[in-house]
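A short write-up of the structure that comes next.
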Amino acid sequence: MQGRFTFKRASMALTLLFGVAVTTKAQNKISQKKEIKSAAISEMIGAHEFIFKAHSEIPLKGKSRHLAGNNEMNIEKNYLISDLPYSGRVFAPTSSPINAGLDFKSSMFTYMDKLEKNGRWEVAIKPKDDNDIQQLLFTIFNNGFATLTASFYLRDAITFKGNIEPDKGSK
């Protein structure tokens, strides 16, 4: 009887030990994937080469809206191409009524990035060849999720939520 009791304890201990080992191995794999993703995000930001893909917009006044289609901003060292919609109040007419969204190209801009203490990145872009855009401020997290807040001189600000990805065309 005592032999069975010891065998039960031993098998339970082995099962528990095996379960802990498998869980630890799985957690290590998840941790490694997170570290790889974080390093890739840091590399994209440092190289000034990434694509922001917006999946929702939040106007200053109004409700959040899901975006369908190809809504993105391509950031490269020497240029910036934006194809994002705009919903909000405009204080003065834009230079092109056809181009009422956040659709523009810029080759003259400043790019400043800063790694915050909590591990997220702040990237500020200020186009010099656009009279309306004051600043484009990205908040980028280690998992690739990002927000973009666009501030203007002649319009209400707008925020986009999305993800950043590597620019596959630049490599």
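Rounded, prolate or oblate: which one fits segment 52-135, using the alpha carbon gyration tensor with axes a ≥ b ≥ c (rounded when a/c is under 1.5, else prolate when a/b beats b/c, else oblate)? Walk me through the intermediate numbers first.
On the way: a/c = 1.66, a/b = 1.20, b/c = 1.39.
Verdict is oblate for segment 52-135.
What full-extension length gain, to one decimal in nm, is calculated for Tyr153 and Lys63 as 0.36 nm per residue of separation minus the Cα-Cα distance?
Details: separation 90, 0.36 × 90 = 32.40 nm, distance 2.19 nm.
So the extension gain works out to 30.2 nm.
Could you pull the accessible area for Ser42 with a 1.4 Å probe, rounded to 10 Å²?
Approximately 40 Å² for this residue.
For Tyr79, Tyr86, Tyr153, give me the order by solvent-accessible area with a 1.4 Å probe, most accessible first, ignoring ligands, DNA and RNA. Before the final figure, lay out each step's value.
Details: Tyr79 90, Tyr86 35, Tyr153 140 Å².
Order by accessible area, largest first: Tyr153, Tyr79, Tyr86.
Taking the highest mean first, how do the peptides 111-119, 139-147 order by number of other beta carbon atoms within 10 angstrom per residue?
Numbers: 111-119: 10.3, 139-147: 17.3.
Peptide ranking by packing, descending: 139-147, 111-119.
Please give the solvent-accessible surface of Arg89 in Å², to the nearest 10, using a probe radius of 1.4 Å with every protein chain present.
Only protein atoms counted, so the area is about 120 Å².
With all protein chains present and a 1.4 Å probe, how do Met44, Met73, Met12, Met108 order by accessible area, largest first?
Largest accessible area first, the residues go Met12, Met108, Met44, Met73.
What nm distance separates the two modelled labels at Phe145 and Lys37, each placed 7 Å from Cα along Cα→Cβ?
For Phe145 paired with Lys37, the spin-label model returns 1.0 nm.
The values are calculated or read from the model by the stated rules, or taken from the named source; none is laboratory data. These figures come from a predicted structure and were not determined experimentally. As a convention, Cβ positions derive from the backbone with ideal geometry for all residues, glycine included, and neighbour counts pool all protein chains shown. For the accessible areas, the whole protein counts, side chains as well, though only heavy atoms, and no ligand, DNA or RNA atoms are used. Shrake-Rupley method; radii C 1.70, N 1.55, O 1.52, S 1.80 Å.
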